[in-house]
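Chemist: Structure below; questions to follow.
Derivation of every value follows stated rules applied to the coordinates shown; laboratory data play no part. Remember, it's a predicted structure, so these values are computed and weren't measured experimentally. Cβ: placed from backbone, ideal geometry, glycine included. Neighbour counts: every protein chain shown.
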Amino acid sequence: MGMNSSNHCAFSAADFTATAFESSEGRLIRVVGSGHCPTSGWELRLVAANPGIVPNPDTLWLELRESPPRSAPRVYTETTVEAIIEDTRAERVVIRFGWREGFSIPIVSRSAQQAHRGAMRARADAGVGSSDAPDERLATSAR
């Protein structure tokens with residue numbers, strides 16, 4: 001394709017986290033990251049990067065895919081990406097790119113109870129009331 005790095009968003013391992021939430025119903029891994037894109041309007045997605053036989057079941061492989069906007073003013077913009085993956089064994093996440101070397105980040109485990117307490121504490125610190133609405137973080141999105 002011949003695209004150079006100026007046609008892509010910039011990412012580093014320090015901009016990504018992977019957290020495992022465990023409960024009696026299973027284990028979900030939330031991968032969240034951000035990058036600096038050359039313009040606003042970029043769409044980012046994390047997709048499975050290892051279809052077929054998995055050589056190392058302790059590592060979850062994701063590929064970051066970008067979709068640039070059709071036209072936008074050149075304004076360096078922070079853009080986020082998030083994915084929720086169900087996995088029982090992974091200890092690390094590898095993020096791959098089609099145009100540069102990827103990187104690996106550790107998965108930090110949290111029980112559902114710890115996650116709920118932390119979320120409630122953060123909401124209280126922010127002055128947000130409690131809600132019985134389902135957890136809206138359990139979806140793949142780019143902002």
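Chemist: Multiplying the sequence separation of residue 45 and residue 67 by 0.36 nm and subtracting their Cα-Cα distance, what value in nm do you get?
Modeler: Details: separation 22, 0.36 × 22 = 7.92 nm, distance 0.86 nm.
Once the chain is fully extended between residue 45 and residue 67, it gains 7.1 nm.
Chemist: Additional query: Taking the C-alpha atoms of region 28-73, how large are the radius of gyration and the largest Cα-Cα span, Dmax, in Å?
Modeler: For region 28-73, the Cα-based Rg and Dmax read 14.2, 43 Å.
Chemist: Figure the gain on full extension for residue 56 and residue 76 (residue separation times 0.36 nm, minus the Cα-Cα span) and round it to one decimal in nm.
Modeler: Details: separation 20, 0.36 × 20 = 7.20 nm, distance 3.67 nm.
Contour length minus the Cα-Cα distance gives 3.5 nm.
Chemist: Still on this structure, please answer the following. Can you give me the distance in nm between label points at residue 104 and residue 12, each placed 7 Å from the Cα along the Cα-to-Cβ direction?
Modeler: Taking the two extended label points, one gets 2.0 nm.
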